[in-house]
Amino acid sequence: VEQHNIDKDLEMLGKARCQYLETAGKFIDAGVTVAFGSDWPIDPLNEWYDFKVAMTRQKDPSQPRLDNDRNLTLIEVLRAATINAAYALDM
């Protein structure tokens with residue numbers, strides 16, 4: 001699931017199924033190493049936007065929140081995008 005597709009996902013999958021999307025907080029709480037990635041150049045490369053959505057669970061303040069999980073902390077987001085992503089690539 002790409003953060004910029006939240007509206008499309010809600011429309012296509014419905015609210016009941018969307019509760020299972022983007023649940024990185026639950027994985028982190030369970031001890032799983034979470035790594036962020038990108039489908040660029042297919043999808044826009046805007047990691048700052050992705051970080052914001054991971055920390056707020058919203059596409060923008062006027063949009064509904066993904067209420068199925070907690071917000072990630074800044075440290076969790078930075079780890080997922082750097083150290084954990086490098087680990088996932090055996091770097």
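Worth a mention:
- For the pair the stretch 74-91 and the stretch 28-47, the centres of their Cα atoms are 9 angstrom apart.
- Its relative contact order, with pairs defined as Cα atoms under 8 Å and 6+ residues apart, puts the chain at 34 percent.
- Sites residue 87 and residue 62 - FRET efficiency at Förster radius 25 Å, r taken between beta-carbons, to 0.05: 0.10
- Relative to the dominant Cα principal axis of the chain, helix 6-18 is inclined by about 90°.
- Calculated from backbone phi, Karplus (6.51, -1.76, 1.60) coupling profile of the stretch 67-79 in Hz, x at Gly/Pro: 8, 8, 7, 7, 5, 7, 7, 4, 4, 4, 5, 5, 5
- For the stretch 3-88, the dipole from Cβ point charges (+1 on Lys and Arg, -1 on Asp and Glu) about the Cα centre works out to 220 debye, to the nearest 20.
- Note on residue 74/residue 8: beta-carbon distance plugged into 1/(1 + (r/R0)^6) with R0 of 25 Å gives a FRET efficiency of 0.35.
- Computed from Cα atoms, the angle from the helix 47-56 axis to the main principal axis of the chain rounds to 60 degrees.
- Every helix of 4 or more DSSP H residues in the chain counts as -39500 (n - 2.57), and over all residues that averages to -13000 deg cm²/dmol at 222 nm.
The numbers here are math on the coordinates, done by the rules we state, and not lab data. Keep in mind that this is a model prediction, so the values were computed, not measured. Backbone-built Cβ (ideal geometry, glycine too); neighbour counts: all protein chains shown.
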